[in-house]
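Heads up: the structure comes next, in structure tokens.
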Amino acid sequence: MRADDIKGQIDKLKREVTELKAEIHDRLEAMKHLLAIYDAMADEEAKQNGPNPR
């Protein structure tokens with residue numbers, strides 16, 4: 001392989017890693033949002049029914 005080919009592959013992999021990091025970040029933010037909704041629902045249920053004895 002030529003140095004240019006290797007550099008091109010490295011640059012491509014760097015772009016892919018950057019895209020994957022962004023996707024992971026987006027998914028984590030969505031999970032945080034869903035967890036906040038779940039926590040709010042659990043708090044509301046606890047107010048209505050008392051704490052869950054599990």
Query - For the chain: Kirkwood Rh in Å [reciprocal of mean 1/r, alpha carbons] - result: 14.8
Report task. Would you mind computing, in nm to one decimal, how far apart the modelled labels at Glu19 and Glu45 are, each placed 7 Å from Cα along Cα→Cβ? Result -> 3.9
Query raised in the report: In degrees, nearest 10, range 0 to 90: what is the angle between the Cα axis of helix 3-49 and the longest Cα principal axis of the chain?
Result: 0
Report summary line: Counting only protein heavy atoms with a 1.4 Å probe and every protein chain in place, the carbon and sulfur fraction of the accessible surface of the chain in whole percent equals 60
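The values are calculated or read from the model by the stated rules, or taken from the named source; none is laboratory data. All values reported here derive from a predicted model rather than from experimental measurement. FYI the Cβ positions are ideal-geometry reconstructions off the backbone, even for glycines, and counts take in every protein chain you see. Areas reflect the complete protein model, heavy atoms only, side chains present, ligands, DNA and RNA absent. Shrake-Rupley method; radii C 1.70, N 1.55, O 1.52, S 1.80 Å.
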